[in-house]
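Visitor: Right, I'll just put the structure down here and ask away after.
The values are calculated or read from the model by the stated rules, or taken from the named source; none is laboratory data. Quick caveat: nothing in here was measured; it's all calculated off a predicted structure. Cβ sites come from the backbone with ideal geometry, for glycine too, and all protein chains shown count toward neighbours. Just so you know, the surface numbers come from the protein's heavy atoms only, side chains and all, with ligands and any DNA or RNA stripped out. Shrake-Rupley method; radii C 1.70, N 1.55, O 1.52, S 1.80 Å.
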Amino acid sequence: MYTKESLNDLYGKLARSIDISDDLYENAVNEYNALGKWIDAQTPSYKISIFPQGSFSLGTVVKPITDSDDYDLDLVCEFDEQYGLSPRQLKVGVVKPLLQKYRRISGDIEEKRRCWHVEYEEVPNFHMDIIPAYSLFPHIMITDHDEENDMYQYIGSNPSGYTDWF
C-alpha cells in the first residue's frame, strides 16, 4: 500500500525524469531571444516580436521519448501589422530570407504548413518551428500553406490567449 508521501515522491521523480533540463531550457530561451533581437535589427521597416507558444509558453515541455527525437520550440514571429504583405510574401519573401541569413542557423530550413522548421546542427536534438504572423488584436493571423494547391492564406490563432487561459 502506498502512502501519500510515497506517491508524492514517486510523482516527483517521474516529473523530473521527463522534464527538460534547466540548461536546455535556458539555451532555448537565449536562442529565441537572440533570434528576436537579430531580426529586429535587420528589419527597421517592420516592428516584430518573437515569443514562444505551445509547451514552452505553457511550461509543459517534456523530454523526447528517444534520443533520436527532438525538443521542439514553437515560436511566433509576429509583425505588429500586415504591412500590405500577402501570406506568401510574409512567409516566403520576408521571414524565410531572414532565417537563411541568421548566422546561428546552420542546419536545414524546411517549410511546413504553418511554419518554418529550423534545425540546429550545433545543438543536437533541438529544433524550432517559427510561425510567421501579424497582429490583429486580440489575436494573430498566421500563414497557412495548402501544399496540395500551393496556396497561401491567413488564418486566425490566439496562442497568447490560450496560454493565459491555461
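Visitor: Could you please find all residues in the range 46-67 being among the small types (Gly, Ala, Ser) and touching a residue at least 12 places away in the same chain (Cβ under 8 Å)? Can you show your working first?
Guide: Applying the first criterion (among the small types (Gly, Ala, Ser)) to the range 46-67 yields 49, 54-55, 57, 59.
Within the range 46-67, Ser49, Gly54, Ser55, Ser57 qualify.
Visitor: Can you give me the number of residues within the range 114-166 that are surrounded by 13 or more Cβ atoms within 10 Å (Cβ to Cβ), among the β-branched types (Val, Ile, Thr) and either part of a strand (DSSP E or B) or modelled with pLDDT of 95 or more (or both)?
Guide: 6
Visitor: Here is a further query. Is it the case, given these coordinates, that Lys91 is open to solvent by 50 Å² or more (accessible area, probe 1.4 Å) and modelled with pLDDT of 90 or more? Walk me through how you get there before you give the answer.
Guide: Details: open to solvent by 50 Å² or more (accessible area, probe 1.4 Å): no; modelled with pLDDT of 90 or more: yes.
Judged against the criteria, Lys91 is not a match.
Visitor: Does the range 104-111 contain at least one residue that is within 13 Å of the chain's Cα centre (by Cα), modelled with pLDDT under 95, within 16 Å of Glu31 (Cα to Cα) and crowded, with 18+ Cβ neighbours inside 10 Å? If you could, list the steps in order and put the result at the bottom.
Guide: Kept after step one, since they are within 13 Å of the chain's Cα centre (by Cα), are these residues of the range 104-111: none.
No, the range 104-111 contains no residue that is within 13 Å of the chain's Cα centre (by Cα), modelled with pLDDT under 95, within 16 Å of Glu31 (Cα to Cα) and crowded, with 18+ Cβ neighbours inside 10 Å.
Visitor: For the range 72-88, check the following and say yes or no: at least one residue is within 25 Å of Ser21 (Cα to Cα), open to solvent by 30 Å² or more (accessible area, probe 1.4 Å) and charged (D, E, K, R).
Guide: Yes, the conditions are met somewhere in the range 72-88.
Visitor: Hey, among Gln42, Gln53, which residue is in contact with a Pro (Cβ under 7 Å, 6 or more places away or on another chain) and polar (S, T, N, Q)? Please lay out each step first, then the result.
Guide: On the way: Gln42 fails: in contact with a Pro (Cβ under 7 Å, 6 or more places away or on another chain).
None of the other options fit; the residue is Gln53.
Visitor: Residues in the range 7-63 that are touching a helix residue (DSSP H, G or I) at 6+ places or on another chain (Cβ under 7 Å), closer than 24 Å to Asp164 by Cα and open to solvent by 70 Å² or more (accessible area, probe 1.4 Å): how many?
Guide: Qualifying residue count, the range 7-63: 2.
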